[in-house]
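Before any comments, here is the structure.
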Amino acid sequence: MEQKTKKNGFASGIGFILAAAGSAVGLGNLWGFPYKTSANGGAAFVLVYIICVILIGSVAMISEIFIGKRAQANTVTSYKKVKKGMGWLGLVVIAVPTLIVCYYVVLGGWTLRFAANSFQAIPEAGNALSFGAFTSHAVEPVFYTIIFVLLAAIIIMAGVKDGIEKSSKILMPALFLILVGIVIFCLCLGGGVERGLEFYLKPDFAELGFDGVVAAMGQAFFSLSLGMGTMMAYGSYTGKEIKVGKSALMICLFDTLVAFLAGLAMFPAIGALAPEALGAGAQGPGLIYQILPQVFAAMGPVGEVISFAFFAMVVIAALTSVISIMEVSVQFIIQKFKTNRKKTTLIVATVCTLVSIPIAWSVGGAFDGAITIFGFDLLTFLDEIANTVLMPLGAFGACFGVGWFIDKKLTANPMNTLRTLESEDLKLGKFGKIFAIMVKYVTPLLIIFVEISGVVGKISSEGAHYWWVIGFALGIIALLIVTYFTFFHKKDCGTNADEEALSVKNE
Ligand code: TRP
């Protein structure tokens, strides 16, 4: 069997869905979503978030998977096949993940340390009290980051089918089981659970504000791994048999469910065991690294097991996401430069580790917090660049490309687009018409609207130094455009078939 197919793609539809869900479910769900919900009006935020997923996320998800599947190639070639002049966007969506992954692995490393440190006979040394000492240490976080990157690299090296697909098929069900177990456990903790639930979910539209709407869209992009080539790269490894619409729907559903369940586990536990933390503390990024360890410590001995299960679950989630982020650049380098997968992965992993070291120092506050850029710590800075500029651009590009350029005649009539999509095997069934209209008008306009208001809002709330973020992001984009047109536009940038041919040759 194995011998017959040298194809380096997903072996089955469910394998693709699990891998894509593995990409989507990550720190964004288990860490970002709960604290953002509690900080932005509880159920009101959940509602807006779901609307963003339906109106924007799902459409962008379908577009990205479709563009990749149609081209069977890396993101640069994929965009070129939508429209030649769009190839530069393929390079942008390679650069963004490469930036993101450098801070993502730092948080992944923290999580690994928290999992490893769950069993502590001496409470003083345990997770609850050692957060600051650990994160600001010059060596420890770097050490855990390296281990985390190595874990991801091993899986990527094994390839799409034998590494990414196989690991996701085991890890994703495991993650879900752990999560459901923890939710049930936490909901049964008795008194205080309701207070936690109320804190998490009480709709408060006054707390939401427009900032919250912008945050919801950014969170949807990040959580669904959109706007950065991940879904395009994974989509390129699927074959004819995959139904894009149905797969996208399942990925969105699963991702949202996991995010929601994560909060459903955390807040009741906090309400029951550390109700005093149900204030601003639980609304910030410290939620899982600072507040939860206190909760686990308050559970007594069983807390050690729960802590381990919880952080192991976060490690799994972060790992399958990091794999997907790195795969985007690994795929491009292999195909464009005809390199070998193992070496390419090692190079990408090494570069990423090197870049992540100053980020680990910066966000952890090592060296007395001396490492900052324009007044931001490096993680926040990169996160802002990606969230406010690069990801919306990538998602917009995918929708715009599908909406306006797939139909070669470039007519405004979405039904022409629909016909072209159908001839291209999109298989959306009765949702085809709605999708054609969404992808052409509604979603791109919504992204532009939320994006512009978001940037204006940020600048007024953060002050003029936020211009550095915008300027820096635009600078990166300009640099990538120049690079693209200088080196890649006229040249062949490779396809998945090239990698397969390479691996056959190297046998
Ligand atoms: N979706 C992941 C999460 O929720 C993060 C992620 C995966 C991602 N691939 C990405 C973020 C690519 C940015 C770019 O944590």
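The values are calculated or read from the model by the stated rules, or taken from the named source; none is laboratory data. On a predicted model such as this, the values are computed, not experimentally measured, just so you know. Counting neighbours? That spans all protein chains shown, and the Cβs are built from the backbone with ideal geometry, glycine included.
Points to keep in mind about this one:
- Failed condition for G365, given (1) more than 16 Å from the ligand (Cβ to nearest atom); (2) over 18 Å from S236 (Cα atoms); (3) in contact with a helix residue (DSSP H, G or I) (Cβ under 6 Å, 6 or more places away or on another chain): (3)
- Yes/no for A60 being surrounded by 24 or more Cβ atoms within 10 Å (Cβ to Cβ), at pLDDT 95 or above, over 18 Å from F400 (Cβ atoms) and of a type in the set (A, V, I, L, M): no
- Taking segment 24-110 as the region of interest, the helices (runs of 4 or more DSSP H) fully inside it that hold 2 or more residues being within 16 Å of the ligand (Cβ to nearest atom) and small (G, A, S) are 58-71.
- Residue check, I251 surrounded by fewer than 23 Cβ atoms within 10 Å (Cβ to Cβ) and either within 30 Å of K458 (Cα to Cα) or of a type outside the set (S, T, N, Q) (or both): no
- Condition met for K240 (outside any helix (DSSP H, G or I), over 25 Å from Y144 (Cα atoms) and away from the ligand (no atom under 16 Å from the Cβ)): yes
- Residues of segment 492-507 that turn out to be exposed (fewer than 11 other Cβ atoms within 10 Å of the Cβ) and free of Cβ contacts under 8 Å to residues at least 60 places away in the same chain, as a count: 2
- Residue check, F221 in contact with a Ser or Thr (Cβ under 8 Å, 6 or more places away or on another chain) and in a helix (DSSP H, G or I): no
- Filtering segment 460-492 to residues that are assigned to a helix (DSSP H, G or I) and closer than 14 Å to F376 by Cα leaves E462, Y466, W467, W468, V469, I470, F472.
Results for (1) more than 16 Å from the ligand (Cβ to nearest atom); (2) at pLDDT 90 or above, shown as yes or no for each residue.
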site	(1), (2)
A297	yes, no
V322	no, yes
S329	no, yes
F337	yes, yes
N340	yes, yes
K343	yes, yes
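- For segment 136-165, the set of residues classified as under 19 Å from the mean Cα position of the chain (by Cα), crowded, with 21+ Cβ neighbours inside 10 Å and more than 20 Å from N496 (Cα to Cα) consists of T145, F148, V149, A152, listed by residue number.
- Among the residues making up segment 425-459, a single one is acidic (D, E) and part of a helix (DSSP H, G or I): E451.
- Matching residues, segment 480-499, being over 18 Å from M232 (Cα atoms) and in contact with a Gly (Cβ under 9 Å, 6 or more places away or on another chain): Y484, F485, F488, H489
- Each residue in segment 217-236 was checked for being at pLDDT 95 or above and more than 12 Å from the ligand (Cβ to nearest atom), and 2 pass.
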